[in-house]
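Take a look at the structure below.
Any read-out appearing in this document is the output of simple, stated calculations on the displayed coordinates, not a laboratory observation. It should be emphasised that the depicted structure is a prediction, and the values quoted were computed from it without experimental measurement. Note that each Cβ is placed from the backbone with ideal geometry, even for glycine, and that neighbours are counted across all protein chains shown.
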Amino acid sequence: METRPGSALTVPTRLTPSDAAAVPLKDGRLSSLMFDGDGIEIRYYAPRGEDRQAPHDRDEFYFVISGSGAFLRGAERVPIRPGDIIFAGAGEEHRFVEFSEDFATWVLFYGPRKA
């Protein structure tokens, strides 16, 4: 494991979905923080019942780990399944809908914060 300068997190060589699922949510967040440094933030997100997220202030990619459903981004609706990569720009309305109970995704935020 490596402790990165400027980050309070210890970064293991390998991050697994089961390890991430065991990390408790903090400060009312809907996702677990796995890495934060060098302009990149990686989180684990596994909503249950309803996706209650609001638009974010950074661009983001979702890497679908498990489950299926659909992703809404503005007026666009796309099916999702494991292995898919989904993009949402900063400030864009987006959410997962009709997702299975085993739905989980990595979230990668990057770049500068936008108003």
Exercise. List every residue whose amide H lies under 5 Å from the amide H of residue 66, counting only residues 5 or more places away in sequence or on a different chain, with H placed 1.01 Å from N in the peptide plane.
Key: 104
Practice problem: Would you mind counting up the charge near residue 115? Only other residues with Cβ under 13 Å from its Cβ, with Lys and Arg at +1 and Asp and Glu at -1. | Solution: +2
Exercise. Return the sequence-ordered ³J(HN,Hα) values of segment 99-115 in whole Hz as given by the Karplus equation 6.51 cos²θ - 1.76 cosθ + 1.60 applied to θ = phi - 60°, using x for Gly and Pro.
Key: 8, 6, 4, 9, 5, 8, 8, 7, 10, 10, 8, 8, x, x, 6, 10, 6
Exercise. Add +1 for every Lys or Arg and -1 for every Asp or Glu among the other residues with Cβ under 11 Å from the Cβ of residue 99, and state the total.
Key: -2
Quiz item: About the Cα centre of the chain, what is the dipole size in debye to 20, counting +1 per Lys and Arg Cβ and -1 per Asp and Glu Cβ, all else neutral?
Solution: 120
Quiz item: Shape of segment 2-110 from its Cα gyration tensor (a ≥ b ≥ c, root eigenvalues): rounded if a/c is under 1.5, otherwise prolate when a/b > b/c, or oblate?
Solution: prolate
Quiz item: Rounded to the nearest 500 deg cm²/dmol, what is the calculated helix-only ellipticity per residue at 222 nm for the chain, with -39500 (n - 2.57) per DSSP H run of length n ≥ 4?
Solution: -1000 deg cm²/dmol
Quiz prompt | Note, ³J(HN,Hα) from phi for segment 37-49, Karplus 6.51, -1.76, 1.60, rounded to Hz, x at Gly and Pro | solution = x, 6, x, 10, 10, 10, 10, 10, 10, 9, x, 10, x
Practice problem: Determine the sum of side-chain charges near residue 86: Lys and Arg each +1, Asp and Glu each -1, restricted to other residues whose C-beta is under 13 angstrom from that of residue 86. | Solution: -2
Quiz item: For segment 78-84, in order, what is each residue's ³J(HN,Hα) by Karplus, 6.51 cos²θ - 1.76 cosθ + 1.60 with θ = phi - 60°, in whole Hz (x at glycine and Pro)?
Solution: 10, x, 10, 7, x, x, 6
Quiz item: Sorted by mean Cβ packing within 10 Å, highest first, what order do the peptides 90-102, 70-82 take?
Solution: 90-102, 70-82
